[in-house]
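The values are calculated or read from the model by the stated rules, or taken from the named source; none is laboratory data. Just so you know, these numbers come straight off a predicted model, no measurement behind them. Every residue, glycine among them, receives a Cβ derived from its backbone with ideal geometry; neighbour counts consider all protein chains shown. Accessible surface is based on the protein model in full, side chains and every heavy atom, while ligands, DNA and RNA are left aside. Shrake-Rupley method; radii C 1.70, N 1.55, O 1.52, S 1.80 Å.
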Amino acid sequence: MNAETPVEPGRIVLLTASHRVAPGLLSWPAWQTLHAADRVLCADGGHPQLPYLREAGVAVEIAAPTAQELVDATAGGRTVVVLPGGEGDQALTDGLARMAGSGRIQMPDLELLPGSYDLPGARLLDLVQVMDRIRRECPWSSQQTHKGLAKYGIEEAYELVEAIEDGDRDELREELGDVLLQVVFHARIAQEGREEDGAEPFSIDDVAATIVDKLIHRHPHVFGDAHAETPEDVKEHWLRTKAIEKQRDSVTDGIPLGQPGLALAAKLASRVRTAGLDVELPTGDGDRRDCGIGYELLAMAVRAEAEGHDPEAALRAAARAYRDAIRAVEEDRANVEG
């Protein structure tokens, strides 16, 4: 009596594709599997990959089989490819897992085949989409303007600095996201071009393109033929190209006067020192006590900058130490009174 020929196991392939990649951009193994499959199934008739698969000659059935139906479809060594939706198909995968774990059913080969992967920065596309919907549908967000949001940009920047100084990486991650939100929010408003009459609209892509062009232009030692061996060389390249770009009349041009006083003083001092100017510090009236203190602070800020210190950060660190001392005294007083 002849030995019974073993039944060839079938094959189930779950083909995943990132929605953050343009539809139709699938890997070569994915295309090979799709063309060789006996059946290709997709429960979502509006799946973005369907037009491209059909254009490539891949017949796709719109069907949502159960786990048992899918296993039955592989009988006789057949290969069935399932194209899940963007959120996957939890019920189907759970059903296949239960069947495989039971040990009572001869399961086909199960394979998860990524057809496309997210590139670095792909989640930024999600942020753009979410911001677009919020701008259209949220009663508060839909009414915001650049001027109305300006204060939040300042607040978020300070909270980011605080997270950096605290060394809290979880907080740093969150605050970076909040700062990024401000960029995307303003770009989304600018895309409408409605805040000012005649304003030229621009999008987040325009914002990104502008900074990419600037970074490439200001890093000739990376993207060009220039050479830089030290951080000082890099700074020299940066300042030279920036000066050519801006064509400023004064070294003070471009310095925001609305920044905190110590930071403003240090920035002015840095520009003066870099330009090699000999500028005598003003001393003020002398009759007004508040002005006198201001000029003393100015002199201290200039000295700190010359010595390589950030006076704003230094004062902030001292203020934090002062805060801790205040809390210690409060705690001692509470213990005595308690």
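When the chain is treated as a GNM with alpha-carbon contacts under 10 Å, the residue of Asp253, Asp225, Asp170 showing the greatest mean-square fluctuation is Asp225.
The reciprocal of the average 1/r between distinct C-alpha atoms defines the Kirkwood hydrodynamic radius, which for segment 8-132 equals 15.4 Å.
Against the main long axis of the alpha-carbon atoms of the chain, helix 261-275 sits at an angle near 90°. Centre-to-centre, using Cα atoms only, segment 217-287 and segment 20-98 are separated by 58 Å. Take the Cα of Glu296, step 7 Å toward its Cβ, do the same at Thr274, and the gap between the two points is 3.1 nm. Per q in 0.12, 0.17, 0.18 1/Å, what log10 I(q)/I(0) does a Debye calculation on the alpha-carbon atoms of segment 131-276 return? With one equal scatterer per Cα and no solvent, log10 I(q)/I(0) is -0.76, -1.31, -1.34. Taking the C-alpha atoms only, the angle from helix 146-166 to the longest principal axis of the chain is near 90 degrees.
Can you run the Rg to Rh ratio on the chain? Use alpha carbon positions and the Kirkwood inverse-distance Rh.
Working: Rg = 31.5 Å, Rh = 27.1 Å.
Using Cα coordinates only, the ratio equals 1.16.
The accessible surface of the chain, taken with every protein chain in place and a 1.4 Å probe, is 55 percent carbon and sulfur. Taking all protein chains into account, the per residue accessible area for the chain stands at 68 Å² (1.4 Å probe). Its Cα gyration tensor gives segment 220-338 an equivalent ellipsoid, and the semi-axes of that ellipsoid, as √(5λ) in whole Å with the largest first, are 39, 23, 11. The modelled label-to-label distance for the pair Ala325/Ile164, using points 7 Å beyond Cα in the direction of Cβ, is 2.6 nm.
With a cut-off of 19 Å on the backbone N, the residues of segment 298-320 near the modelled label site 7 Å out from Thr283 along Cα-Cβ are 298-303.
With 11 Å as the cut-off, how large is the P(r) tail for segment 65-106, expressed as percent of Cα-Cα pairs? Before the final figure, lay out each step's value.
Values: 584 of 861 pairs.
In whole percent, the share of Cα-Cα pairs in segment 65-106 beyond 11 Å is 68.
So the label point goes 7 Å from the Cα of Ile211 along Cα→C-beta, right? Which residues of segment 155-191 then have their backbone N under 11 Å from it? From segment 155-191, the list is 179-184. Multiplying the residue separation of Ala75 and His309 by 0.36 nm and removing their Cα-Cα distance gives an extension gain of 76.8 nm. Each stretch of four or more DSSP H residues adds -39500 (n - 2.57); spread over every residue of the chain, this sum gives -18000 deg cm²/dmol at 222 nm. Counting only alpha carbon atoms, the long axis of helix 289-306 and the longest principal axis of the chain meet at about 60°.
Within straight-line reach of Lys147, meaning a Cα separation under 13 Å, sit the following aspartates and glutamates at least 8 residues removed in sequence or on another chain: Glu195, Glu196. Kirkwood hydrodynamic radius computed over segment 185-239 comes to 13.3 Å, based on all pairs of distinct alpha carbons. In this simple spin-label model, placing a label point 7 Å from the Cα along the Cα-to-Cβ direction at both Val336 and Met107 gives a separation of 7.1 nm.
To the nearest 20 Debye, how big is the dipole of the chain about its Cα centre, given +1 on the beta carbon of each Lys and Arg and -1 on that of each Asp and Glu?
Numbers: 35 positive and 60 negative charges, 125 e Å.
Taking the Cα centre of the chain as origin, the dipole is about 600 debye.
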